[in-house]
Amino acid sequence: MTQIEQSAAPDGLGTLRAGDPPVIERMAAFRSRWPSGDGVAVFHRVYLGVVETVEPDLGRGGFDDREAAATLGVRCAERYLSALDAATAGGRVPECWRPLVRYRRHPGVRPMQFALSGLQAHVGHDLVLALVDTCRTLGCAPADLEGEFERVGDLLVLLEERIRDDLMPGPELLRIADPLTHLVSCWSLERAREAAWTAARTLWRLRGFPSLAEEFRQRTDAGAGLVSRLLLTPCR
């Protein structure tokens, strides 16, 4: 296994076992882990709600399921779950997730900010590495999975819509001059997805240059973390 494969894969992800709990069950196990106002809990509650509605059998097909979109979806969720496991155990989480973990109880950050910060980390880092993971698993290139990438992207669009519908303050509470209005309008899921697609294809092309690939992976992680941190700028 090359250096980039070792660093890119969370523990256990490189050897998926048929006896492991399905992804959806692992996500559900975190449902009541934190207080409702906890920033990680805010994102997780919305994410889990969307997955349970749209993909209630995520990961239940077993790890022999080679259907590309399902594999990519599971890999992406596994990346997120690996970060949750590390945060819960007090371990080292990817840089993109550190802002949300660090500021999860900040009184000046609103629920919508927590959720968008989590979505940014998930798209800007987890989705990138999940696509590379899936290419290695299925023996194909990113270009062969563009349609599957878009299908997973559609789920993320539903997630963003749920965040904005459920967590955006109503007009009676949100003035046009409210800093939150300007902050959330500066972030675009579409741009984040485009950046993730470019980053994954670049990382795949660098697989023959392990040191350079690892440096690029670290920069991708750090860049996603920077945006995640900016989305947590206190707005009250």
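The values are calculated or read from the model by the stated rules, or taken from the named source; none is laboratory data. What you are looking at is a predicted structure, and each value in this text was computed from that prediction instead of being measured. Here the Cβ is made from the backbone with ideal geometry for all residues, glycine too, and neighbour counts use every protein chain on show. What goes into the accessible areas is simple: the full protein's heavy atoms, side chains included, and nothing from ligands, DNA or RNA. Shrake-Rupley method; radii C 1.70, N 1.55, O 1.52, S 1.80 Å.
Taking Leu81, is it in a helix (DSSP H, G or I), modelled with pLDDT of 95 or more and not hydroxyl-bearing (Ser, Thr, Tyr)? In short, yes.
If I filter region 221-236 down to residues being farther than 17 Å from Trp187 by Cβ and at pLDDT 95 or above, which single residue comes out as surrounded by the fewest Cβ atoms within 10 Å (Cβ to Cβ)?
Checking each candidate, the answer is Ala222.
For region 94-131, the set of residues classified as aliphatic (A, V, I, L, M) and open to solvent by 10 Å² or more (accessible area, probe 1.4 Å) consists of Val101 only. The criterion of being closer than 24 Å to Leu81 by Cα, at pLDDT 95 or above, of a type outside the set (Gly, Ala, Ser) and open to solvent by 30 Å² or more (accessible area, probe 1.4 Å) holds for Glu190.
Does region 17-37 include one or more residues that are assigned to a loop (DSSP other than H, G, I, E, B), of a type in the set (Lys, Arg), closer than 29 Å to Leu167 by Cα and modelled with pLDDT of 85 or more? Scanning region 17-37, I find at least one residue that is assigned to a loop (DSSP other than H, G, I, E, B), of a type in the set (Lys, Arg), closer than 29 Å to Leu167 by Cα and modelled with pLDDT of 85 or more, so the answer is yes. For region 34-46, the set of residues classified as over 17 Å from Ala86 (Cβ atoms) and open to solvent by less than 60 Å² (accessible area, probe 1.4 Å) consists of Gly37, Val42, Val46, listed by residue number.
The residue list Arg79, Arg151, Arg92, Arg136 contains one member that is under 19 Å from Ala224 (Cα atoms), basic (Lys, Arg) and in contact (Cβ under 8 Å) with a residue 40 or more places away in the chain, which is Arg79. Per this entry, Leu127 is counted among residues that are within 25 Å of Gly223 (Cβ to Cβ) and in contact (Cβ under 8 Å) with a residue 40 or more places away in the chain.
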